Amino acid sequence: MTENIVSPGSAAEGLSRIEWAKQFMPALFEAGQDLLESGALAGRRVGIVLALEPKTAVLALTLSEAGADVAVYADAASTRDSEAAALASKGIAVFARSDADEATDVLLLDRFIDWGIEFLIDDGAVATRIIHTSRRDMLPTLVGVAEETTSGVRPLRVMADEGALEVPCLAVNDCDAKQLFDNVYGTGQSVVMSVIDATNTQLQGKEVVVVGYGLVGSGIAGAAHGLGARVTITEIDPIKALKAVHDGYLVQPLREACLSGDVFITATGVGYSLTAAEAQLMKDGALMAVGGEGPPEIDLTGDPSVRLGDEVRPHVREVHLDGDRSVFLVADGHCSNITAGEGNPIEIMDLSLAVQCRAVHHLAEKGAGLRPGVYDVPPDVANATARAALARKGIAIDTPTAAQELDASSWRTN
Amino acid sequence: MSAEADRSTIADPSLAPAGRQAIAWASRNAPVLNGLLRKRLGDGSFDGVRVALVVHLEAKTAFLATVLADAGARVVVAGSNPQSTRDDVAAGLVDMGIEVHSSRGSAYEQWEKDLLSVADTKPEYIIDDGAELTLRMAKHRPALFEELRGVSEETTTGVARLHALHDAGRLPFPVMAANDAACKYMFDNRYGTGQSTVQAVLALTNFLMAGKRVAVIGYGWVGRGIANYVRALGGRAVVVEVDPIRSLDAFMEGHEVAPIADAIADADLVITATGGMRAVGSTHFGHLKPNAVLANAGHHDLEIDVAALHQESSGVRTVREGVSCFDWRGGKQINVLAAGALVNIAGGLGHPIEIMDLSFAVQGLSSHELVVGDYAPGVHVLPRRLDEEIARARLASEGVILDSLADDQFDTMQEWI
């Protein structure tokens with residue numbers, strides 16, 4: 001019988017880091033206060049699937065303090081054991097071990113689903129998909145889902161189109177207060193920083209190839225460019241490619257970019273975006289990292305002359321190629337900002353998790369009346385979240401005058 | 001156990017494998033040290049020459065030590081700041097047969113003792129950082145100091161100290177101001193310290209730079225780099241300077257310039273880069289915004305007056321690794337990163353590898369000049385042609401090709417003289 005967490009003794013260290021994060025999360029605090037006052041979640045069961053680190057721990061504690069019963073699941077690569085212990089010490093059901101192998105992760109996820117979730121905060125639609133397939137016995141309990149990521153909203157929409165989705169889902173990812181900040185600035189900064197932290201390398205003068213120019217890719221490109229790199233974008237979507245050209249980047253097919261790039265970061269959220277065939281084209285010493293969804297986004301199987309070697313520094317694995325060359329893979333192809341770093345910065349997660357908190361609040365009040373489908377988060381959620389973050393920075397904004405409002409709402413020409 | 005290991009004083013020899021792994025990674029990313037420098041040092045001029053290397057003791061420094069040793073030098077190593085020594089790297093060096101005196105976090109007295117142990121090996125040349133060993137030899141080992149044949153100095157602070165020593169008529173040997181070579185200050189101070197300082201601050205705090213207000217105290221090469229990286233990641237830098245030309249430079253670069261009391265009043269982060277003392281001290285704490293985070297990128301641990309902050313605070317606790325939170329005068333919280341030591345080294349990985357490849361190429365060639373050249377006592381700078389050789393070597397390793405002027409492209413001024 002595997003225990004659900006690794007080291008219950010390390011709670012104090014985790015609590016200290018959680019406390020640090022909490023003081024820089026004003027928007028989540030306010031969302032939590034609203035939830036507490038409404039009583040909407042008192043005694044209800046909320047399951048959270050998110051990378052388990054200090055900021056998501058603050059969300060779990062906020063929901064718990066608002067009266068909910070809370071459970072958390074994270075896979076091995078996304079788990080910090082001391083934060084897991086900290087949450088467990090506060091009465092939260094935690095299913096997350098950093099030392100779990102694939103089978104243990106499956107087991108822990110199953111226990112998490114067994115726990116009985118009414119409101120699910122999901123990441124990559126991981127638990128939602130299982131509950132709709134092998135664990136349909138838990139469907140009657142599930143009231144609604146709030147999905148965190150681009151890569152989770154996509155399968156949910158496919159499920160809805162196929163008529164396979166049986167609960168209402170809020171696309172938290174698509175909320176402006178999340179995607180305009182989290183995906184761009186948060187992931188952009190933290191992925192680039194995690195790569196240079198892990199390798200002790202410098203971006204000034206480097207050619208950084210960003211695979212995929214969605215919001216995450218554009219954030220990564222911006223951070224790399226800011227740090228002095230020449231950035232090349234590879235895309236399959238003509239609109240995004242054209243946007244990259246207008247942002248001043250070189251756009252090339254990936255196979256061409258492979259010949260000259262020094263650092264490759266994928267931001268597609270799609271499997272097999274970078275494979276052994278591309279790795280074979282790279283220069284000796286090139287670095288590869290994932291900023292999207294993780295395996296199999298970079299997949300190096302299938303070519304016997306591309307062989308995984310030793311971990312030459314923490315989070316940096318050598319990959320041997322033809323002809324005595326080697327390249328290096330950061331965080332074994334998992335999201336490098338989460339596995340080799342500490343996830344997104346605090347202030348960004350404040351926004352995203354405040355939206356999550358308000359989304360669950362909305363589901364608790366309205367979810368039972370919603371038909372299955374993928375919904376946008378109500379617009380007042382984004383505004384309330386942004387206002388709380390601005391207020392903490394002491395920044396005031398304007399309000400429209402009566403004349404402006406009249407003009408904005410009329411269609412007749414004068 | 002080797003004689004070198006026997007003489008060494010380090011924290012834990014069993015950490016050698018991790019240290020050697022880190023040194024190997026540095027080697028892998030050092031095309032100029034492995035190419036140009038090894039070739040130049042291979043002329044036999046370093047055979048049996050005693051060299052003391054006193055620079056922040058981490059992987060890149062250790063790799064330089066091995067390159068010098070491979071050229072035949074008898075190298076003894078200590079750290080220029082005990083907060084920045086990596087014990088695994090120290091162990092790795094000893095394992096490779098190099099004498100080391102340094103332990104991370106050792107007290108000031110022990111650190112000085114380590115430096116004097118290096119002095120007592122009677123070095124002929126020093127590769128120094130902050131002139132820490134040179135000054136101590138002048139004071140505590142005057143006879144050995146007189147026998148020194150040359151010093152190559154890494155930092156702005158150290159060069160200023162050595163100039164002062166020279167002006168006082170107390171420099172009996174030549175000094176190479178490695179810091180003042182273009183391939184050092186243009187890249188190391190600006191990009192290296194700039195990038196790695198911002199990197200360390202973000203890693204220690206888990207902060208987002210976008211939307212942050214950051215006061216940068218001092219706008220030399222280091223401050224310039226920091227302010228520009230802050231802006232590049234979406235932060236707003238406000239620069240504090242005492243020098244009118246640097247202030248104007250910051251202003252023209254598009255940064256806000258303000259007196260310190262105004263600059264820190266709404267700053268989320270305050271980063272010192274003056275190379276001096278007490279850039280942020282007792283008179284400033286009252287102006288800081290509650291929960292502000294202070295970090296130091298300059299040479300001294302004393303740039304943020306942490307001792308004064310201790311005195312004026314009712315308590316201090318570690319809230320995250322490398323983050324000390326002071327309860328200042330009971331009411332306001334003030335955070336200090338890496339205990340006020342150089343944040344990029346004590347709280348991070350130090351400079352990027354590629355930058356140190358340039359800086360240590362300058363150090364290596366400067367030392368070589370001291371050994372083979374005929375320099376009078378005083379402070380010198382690496383000849384321009386050697387500076388250019390380093391730049392060319394690095395560009396060549398990146399596959400960059402340069403143009404050269406054609407005969408008819410030269411200015412015609414000769415006709416007028």
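Throughout, read-outs are computed from the coordinates displayed, never taken from laboratory work. Small disclaimer: the values here were computed from a predicted structure and weren't measured. Methodologically, a virtual Cβ is constructed for each residue, glycine included, from the backbone with ideal geometry; neighbour enumeration extends over all protein chains shown.
Listing for the model above:
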read-out: More than 24 Å apart - percent of Cα-Cα pairs taken over the range A:1-95; value: 16 percent
read-out: Prolate/oblate/rounded call for the range B:370-417, Cα gyration tensor, a/c under 1.5 rounded; value: oblate
read-out: Proxy reagent accessibility, fewest Cβ within 10 Å first, across B:Glu4, B:Glu398, A:Glu102; value: A:Glu102, B:Glu398, B:Glu4
read-out: Ratio Rg/Rh, restricted to the range A:181-224 and using Cα atoms, in which Rh is the Kirkwood radius; value: 0.96
read-out: Debye log10 I(q)/I(0) for the protein assembly as shown, one point scatterer per Cα, at q = 0.04, 0.08 Å⁻¹; value: -0.19, -0.74
read-out: Taking chain B and dividing mean pair separation by its residue count, relative contact order in percent (alpha carbons under 8 Å, at least six apart); value: 17 percent
read-out: The range B:34-97 - convex hull of the alpha-carbon atoms, volume per residue in Å³; value: 70 Å³
read-out: Ordering of A:239-251, A:395-407, A:320-332 by packing [mean C-beta count within 10 Å, highest first]; value: A:320-332, A:239-251, A:395-407
read-out: Listed residues A:Ser10, A:Thr104, A:Met25: farthest to the positive end of the dipole of the protein assembly as shown (Cβ charges); value: A:Met25
read-out: Approximate spin-label separation A:Arg255-B:Asp407, in nm, with each point projected 7 Å along Cα-to-Cβ; value: 4.7 nm
read-out: Helical segments meeting 24 Å axial Cα length and Kyte-Doolittle -1.0 threshold in chain A (DSSP H); value: A:346-366
read-out: Euclidean distance between Cα centres, the range A:70-99 to the range B:133-163, Å; value: 54 Å
read-out: Likely footprinting exposure, A:Phe29, B:Phe207, B:Phe360, fewest C-beta neighbours within 10 Å first; value: A:Phe29, B:Phe207, B:Phe360
read-out: Share, in percent, of DSSP beta bridges within the protein assembly as shown that are antiparallel, nearest 5; value: 20 percent
read-out: Using alpha carbons only: equivalent-ellipsoid semi-axes of the range A:185-339, gyration tensor based, whole Å; value: 22, 17, 14
read-out: Within 10 Å of each Cβ in A:346-354, the average number of Cβ atoms from other chains; value: 2
read-out: Value of D in µm² per second that Stokes-Einstein yields for the range A:110-198, Kirkwood Rh from Cα pairs, at 37 °C (0.692 mPa s); value: 232 µm²/s
read-out: For A:Thr266, A:Thr149, order by how many other beta-carbon atoms lie within 10 Å, fewest first; value: A:Thr149, A:Thr266
read-out: The range B:119-271: equivalent-ellipsoid semi-axes (sqrt of 5 x gyration tensor eigenvalues, Cα, Å); value: 37, 16, 13
read-out: Given charges at beta-carbon only (K, R positive; D, E negative), |dipole| of the range B:190-346 in Debye; value: 320 debye
read-out: Charge dipole magnitude, Cβ of K and R +1, D and E -1 - the protein assembly as shown, Cα centre, debye nearest 20; value: 1040 debye
read-out: Lys, Arg +1 and Asp, Glu -1 on Cβ, resulting dipole of chain B about Cα centre, debye, nearest 20; value: 1020 debye
read-out: Net charge over other residues, Cβ less than 15 angstrom from the Cβ of B:Ala131 (K, R count +1; D, E count -1); value: -3
read-out: Relative frequency of Cα-Cα separations exceeding 12 Å in the range A:33-80, percent; value: 59 percent
read-out: DSSP bridge orientation in the range A:185-339 - percent antiparallel, rounded to nearest 5; value: 30 percent
read-out: Gaussian network model of chain B, Cα within-10 Å springs - most flexible of B:Thr66, B:Thr134, B:Thr197; value: B:Thr66
read-out: Reciprocal mean inverse distance between Cα atoms of the range B:190-346 - Kirkwood radius, Å; value: 15.0 Å
read-out: Inter-label distance, nm, simple model (7 Å from Cα along the C-beta direction), B:Ala3/A:Asp303; value: 5.2 nm
read-out: Of all DSSP beta bridges in chain A, antiparallel share, percent nearest 5; value: 20 percent
read-out: Listed residue (B:Gly331, B:Gly48, B:Val159) projecting farthest to the positive dipole end of the protein assembly as shown, Cβ model; value: B:Gly331
read-out: Shape call, chain B: gyration tensor on alpha carbons, a/c limit 1.5; value: oblate
read-out: Rg to Rh quotient for chain A, alpha carbon positions, Kirkwood Rh; value: 0.99
